[in-house]
Amino acid sequence: MSRYATIVSTARYAPERLVTNDEMRVQLQHVPDFVDKMEAGTGIRQRWYAPEDWATSDVALPAAMLALKRAGRRPEDVDLIVLGTDSPDYISPATSTVLQGKLGAKNAGTFDVGCACASFPTGLTAAAGILAANRSMKTILVVGVYLMHRLADPKDPMIFFYGDGAGAAVLEADSKPGFISSAFAADGTYAKRWLIPSGGTVEPASCESIKGGRTVVRMFERYPPEVNEEGWPRLVVEAARNGGFRVEDIDMAIFTQVRKPTIELVMQKLGLPMEKTHMIMDHYGYTGSACVAMALDEAREVGKAKPGDLVVLVGSGVGYNQAACAFRMP
């Protein structure tokens, strides 16, 4: 009998501290009108920050616990944890391993997915393949989590975007297809446009690199709009072709939550009405590796992603990395 991965439950978490755009206007007053322009151009109106003594794994934990609770599973039922982030607790060990310990998932193996904001659909696709190919696997927890504001210069205007948050999904094997298809794209020639230059093997962290501001995240050169405006529709079309469905069959398409106008343009190019997407950047900010997972959970909560619906998730992040996956909702 064939095995397929199905999404049993989803969950999301945002920390308690609300950071409004008015607060950002004070913080970024040295860049006149920047917040006003970004608010109009992105749709972001606020974001949420975790406590200063929290790490990325701490943000992931509540989402993971809630997803398991909704699935009717205990931490010890989890066979594998797949965690996607580009704001890890440490360079090494993997943040998924730290989360495993905090969650008490004593029977779970772990690995991290480091595809920036494409990490969640990448992680779902990897988990689906593992479930399909390994009958010993029953329950996989996939988490996307973001704490990038902690790795940014408070005076860097790009901090406007970063919100903290996590989203999670519990996947289990089923005889009915849940996971349908995926598609991937990347272009490493863009790698140095938006990054943390120092702290890895290219340039280990040093007093000099810290003083020079090279151990914080910075955008050195903008990405061309076509990366997302053309890349996202191309991925959706490829996922549809790979999965044997038509674009017009899609019930819900969810994209990286960074710019509302980009999503509007992409939906127009795909010929899909805006009712078939969901956006959360206005009230969560840009939650990077977590945003697709968080948007999926909220779409399910408000009844926009219903049982039986064909949902396509598209993540796009620095590097650049892009990934899409298609699921039938249980």
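Okay, here's what the table says:
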| quantity | calculated |
| --- | --- |
| Cβ crowding within 10 Å averaged over residues, with 198-210, 310-322, 233-245 ranked highest first | 310-322, 233-245, 198-210 |
| Cβ-based exposure ranking for R259, R193, in which fewest neighbours within 10 Å come first | R193, R259 |
| Degrees between helix 260-270 axis and first principal axis of the chain (Cα, 0 to 90, nearest 10) | 40 |
| About the Cα centre, charge dipole magnitude for the chain (Lys/Arg +1, Asp/Glu -1 at Cβ), debye | 640 |
| Mean shadow area of the chain, taken as a quarter of the surface of its Cα convex hull (nm²) | 16.1 |
| Alpha-carbon centroid distance for the pair region 236-266 / region 14-64, whole angstrom | 27 |
| Exposure proxy order (Cβ contacts within 10 Å, fewest to most) of M65, M279, M294 | M65, M279, M294 |
| Length gained when the stretch R17-E203 is fully extended (0.36 nm per residue, less Cα-Cα span) | 63.6 nm |
| DSSP-defined beta bridges in region 4-176 - what % are antiparallel, rounded to 5 | 70 |
| Cut-off 20 Å (backbone N to label point 7 Å along Cα→Cβ of I210), residues of region 89-103 | 89-93 |
| Over the chain: helical MRE at 222 nm, DSSP H runs n ≥ 4 each giving -39500 (n - 2.57), nearest 500 | -9000 deg cm²/dmol |
| 5 angstrom amide H check on G165, placed H, neighbours 5+ away | Y146 |
| Among P154, I91, A324 the positive-end extreme of the charge dipole of the chain (Cβ point charges) | A324 |
| Full-stretch length increase - D282, K155 - with 0.36 nm per residue and alpha-carbon distance subtracted | 43.5 nm |
| Farthest toward positive dipole pole in the chain [+1 Lys/Arg, -1 Asp/Glu at C-beta], among C207, G114, W54 | G114 |
| For region 233-329, with +1 on Lys and Arg beta carbons and -1 on Asp and Glu, the positive-most of L310, H283, L296 along the dipole | L310 |
| Cβ-placed point charges (K, R +1; D, E -1), dipole of region 44-187 about Cα centre in debye, nearest 20 | 540 |
| Prolate/oblate/rounded call for region 90-141, Cα gyration tensor, a/c under 1.5 rounded | oblate |
| Region 261-330: equivalent-ellipsoid semi-axes (sqrt of 5 x gyration tensor eigenvalues, Cα, Å) | 18, 15, 14 |
| Gain in span if fully extended, D53 to K138, counting 0.36 nm per residue against the direct Cα distance | 27.1 nm |
| Bins of 5 Å, starting at 0 and running to the largest distance - Cα pair percent for region 4-176 | 1, 9, 17, 19, 17, 12, 9, 7, 5, 2, 1, 0 |
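None of the figures in this text is laboratory data; all of them are computed from the coordinates on show. From a predicted model like this one, the values you see are computed outputs, not experimental measurements. Heads up, the Cβs are rebuilt from the backbone with ideal geometry, glycines too, and the neighbour counts pull from every protein chain shown.
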